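Sharing a structure, written as structure tokens. Questions coming.
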Amino acid sequence: MVDNSRKPAHSQEWFETALASIGDAVITTDKDGRVSFMNPVAESLTGWKLSDAAGKPLTHVFHIVNEDTRRPAENPAARVLCEGVVVGLANHTVLIARDGTERAIDDSAAPIKSLEGRVDGVVLVFRDVTERRRTERALQLSEERFRLLVEGTRDYAIFMLDPRGHVSTWNVGAMRIKWYQANEIIGKHFSVFYPPEAVASGWPQKELETAAATGRFEDEGWRLRKDGSKFWANVILTALRDEAGKLIGFSKITRDLTERMEADTRIRQSERRYRRLFETSRDGILLVEPTTGKVVDANPAASELFGRPCEKLVGKELWELGIFKNAEANQGFLRRMEERSRSRYDSLTLARSGATPLELEFIGNAYVTETGTVIQCNFRDISERRQLARAQEEAEASADLHRRKDEFLAMLSHELRNPLASLVNGVHLLRLQEADENAIQKQARTIIERQVGHLTRLIDDLLEVSRISTGRIRLHRENIDARGVVQRAVEMVRPLMMERHHELTIDQPPDPVWLYADPTRLEQVLANLLNNAAKYTDPGGRIVATVEPDGDEVVLRVRDTGVGIPPELLPRIFDLFTQAERSLDRSQGGLGIGLTLVKRLVEMHGGTAEVHSALGQGSEFVIRLPSGTRPDHETPPDETAQKKIAPLQVLVVDDNQDMASSTALVLRAAGHDVRVAHSASDALAIAADYRPKVILLDIGLPGTDGYEVARRLRQLPECQGARLIAVTGYGQESDRVLSRQAGFDSHLVKPVDPHQLRTVLAADDSKNSQPTQS
């Protein structure tokens, strides 16, 4: 008796093995359009491993757009699942891999049907056609360019003849030169372009026979226009044959050289003037006899370039002067000149005995003189131009290095935010127990609080440099009183000044000094200057902050009695990562980015930043900003954070256990009921049972990210009306847009100040007049 119980598994295994072995990429989905299988080719093209992609929507893994419009292309699986038919991709479809790599593809999608005819999934087969697409485009472009070249060329008559010499095509240049319209000349024998004596001698037929025998015929002579007038023409006749070698016609190119003949006459009449130009040209010029390849004349500029008197250049071949490496290469140049009458070398290195090598641009032109053909070789020293080009390349490489450095700094700052957020929560909890602290505990807490604040500022500075460098900072300006900005900046650095026993003086007028500025960014500028002054001023020193109006500007000064700035450092004191060495241990050195932020933020406000200092005599930083105007009304104080918040049911979701635990402790200390989840699945399960009013949700959860969790929470009936707050280390504007799209009400960046969290919860409380108690 045959056991059929293992057949489905065996069939599935055989099916997947077969798909894995074929050369095309294959992806299968279930009936909901989620990935169930990928073969190695599909993994390679999409950049997704099956272990990562399994269970994800096909559109998440198979990201396709229209090559021309960049709009998302239709998901083939969706149509197959809907209609149950085989579907192919539209033309010009591009697959964007997980790492951003783009490939042109074509594919087809077919339904996977059960024995009952039910659509249980989709099989998608696709392949990389990038090279084929590139070849097709190149061929189309080449053909189109050739067509446009022929049809649009006005200086040359370009037309085709049949094997017997009758005109079969006609371009714009032919019409301009010969004056015939296409309908007047097509079908007629090309001998109508020749003078009667040439026709009588059989010359047109000789041209055809010669071209048919040798493949090409070139001639110069008199030709006729439609009205019978003559012009001097250069003619090239080329035989055209099919793949079997059968003659199918001729191509003929005619150029009107009448003006050139007249110009040649004028040149012969002005030989003396030409000689004067030859002698005074800044390009080195060598005249070469084409048969022997020897120099017959040289100008003074050539003598200077080659480091030899003119008479020592005459009689030499170009390879003997270092232009070509040997006589064989020299002969190759002469052959090209004979065939084409022109050669160009964009860069040649000329080694000179006892002198610096030169980079030369070399152009050779062959032309006819009264005594025969001569090759004129023009040499131009491009050493300086090449040095500038190399410097530009180095500058671009340096810019790329800076970009990657900024990306690294942004990622580093993000990775530091999770542990820092836990520390901030811990310090806040310790502060709540301040009444029970002994002296040692209070001192320890103060030290931790101060150093956590210092670390927070360092991380913020790192992110600010990255944002400014990539142009992602936007100022939110308003009319503000500069005095208030100074006071708030002083409060930010007061702990450091108190620790070092500095004497701080604030010199400002009694009346408001209005600025049109971003208050947060301006506080950051002043705090950096004050912090810098405190670091480089010895204990007991003096620091003065001054605010004064000056015409249509406001001047802010920070002056200290510190160590001063070395004169060699002054010109680059605002450069990134520039700082003075305060001591061997660099205990107050920082990262050297604070002053860079100062200058760039001030310049974004339309102002200037400058410094005056002398070693051992302190420093003075001067900020000048455009003045503002008195606002029509003052902003009422924010009372949200001051009101008493009714207890709330709060769910904290974060895979970092320290972060989740410390946040829960802070919330419980404020009287709230708190539950904690460390994964997406736990969060969804707890939320359905707990019915929270507020959910603090981390974005960077493992497996299912916070955006997806937010969408699923919004679908739960138990979470209708709950307030979703993103708590994350990602704080770019693009991250905030994503959180809004996912359904978040607020977006907080780690570390979250407990007072800021209280403000957000108070805003939530104002929307829930009767919160549910736990």
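The values are calculated or read from the model by the stated rules, or taken from the named source; none is laboratory data. Only a predicted model underlies this, so the values are computations on that prediction, with no experimental measurement involved. A quick note on method: Cβ atoms are made from the backbone with ideal geometry, for glycine too, and the neighbour counts reach across all protein chains shown. Just the protein is used for accessible areas: all its heavy atoms, side chains included, with ligands, DNA and RNA removed. Shrake-Rupley method; radii C 1.70, N 1.55, O 1.52, S 1.80 Å.
If each of I186 and S679 carries a label point 7 Å out from its Cα toward its Cβ, how far apart are those two points in nm?
Placing both labels 7 Å along Cα→Cβ, they lie 7.6 nm apart.
Here's another thing I want to ask about it. Give me the number: length gained by fully extending R275 to A614, i.e. 0.36 nm times residue separation minus the C-alpha to C-alpha distance, one decimal in nm.
Between R275 and A614, full extension yields 115.7 nm more.
Over 27 Å between Cα atoms, which of K188/K230; K230/K252; K442/K599; K178/K246; K693/K750 qualify? Don't skip to the answer; put the middle values down first.
Numbers: K188/K230 19 Å; K230/K252 18 Å; K442/K599 38 Å; K178/K246 30 Å; K693/K750 21 Å.
Pairs exceeding 27 Å: K442/K599; K178/K246.
With each pseudo-label sitting 7 Å past Cα toward Cβ, what's the H166-I448 distance in nm, one decimal?
10.2 nm
Here's another thing I want to ask about it. Of the options T292, G307, T356, report the single residue whose Cα projects farthest towards the positive end of the charge dipole of segment 219-376 (beta-carbon charges: Lys, Arg +1; Asp, Glu -1).
Result: T292, furthest along the dipole toward the positive end.
Before I look further, what does segment 262-371 give for accessible area per residue, probe 1.4 Å, in whole square angstrom?
On the way: 6930 Å² over 110 residues.
Normalised by residue count, the accessible surface of segment 262-371 is 63 Å².
Among DSSP beta bridges lying fully in segment 606-765, give the percent that are antiparallel, nearest 5. Intermediate values should be presented prior to the final figure.
Numbers: 6 of 23 bridges.
If we restrict to bridges inside segment 606-765, about 25 percent are antiparallel.
Once the piece of chain linking C310 and T349 is laid out straight, how much longer is it, given 0.36 nm per residue of separation minus the C-alpha distance between them?
The C310-T349 span can extend by a further 12.0 nm.
Once neighbouring chains are kept in place and the probe is 1.4 Å, which whole percent of the accessible area of segment 221-351 is contributed by carbon and sulfur?
49 percent
Moving on to the next point. Net charge within 12 Å of D128 by Cβ-Cβ distance, Lys/Arg positive one each and Asp/Glu negative one each, not counting D128 itself? Spell out each step's value before the answer.
Working: positive: R103, R127, R132, R133, R134; negative: D24, E102, D106, D107, E131.
Charge balance in the 12 Å sphere: 0.
Moving on. Please give the contour-minus-distance gain from Q720 to D219: 0.36 nm per residue of separation, less the Cα-Cα distance, rounded to one decimal in nm.
Numbers: separation 501, 0.36 × 501 = 180.36 nm, distance 8.98 nm.
Extra length from Q720 to D219 when fully extended: 171.4 nm.
Expressed as a rounded percentage, what relative contact order does segment 310-367 have, with Cα pairs under 8 Å and six or more residues apart?
Working: 64 pairs, mean separation 15.4, N = 58.
27 percent.
Sticking with this one: With a cap of 11 neighbouring Cβ atoms within 10 Å, and only residues DSSP puts in a loop, list the trypsin sites (Lys or Arg not before Pro) found in segment 181-274.
Working: sites: K188, K206, R216, R223, R225, K226, K230, R241, K246, K252, R255, R260, R266, R268, R272, R273; in loops: K188, R225, K226, K246.
Here the sparse-neighbourhood loop sites are K246.
Let me ask something else about it. With label points built 7 Å along Cα→Cβ from the Cα atoms of D658 and E437, find their separation and express it in nm.
Spacing of the two 7 Å Cα→Cβ label points: 2.0 nm.
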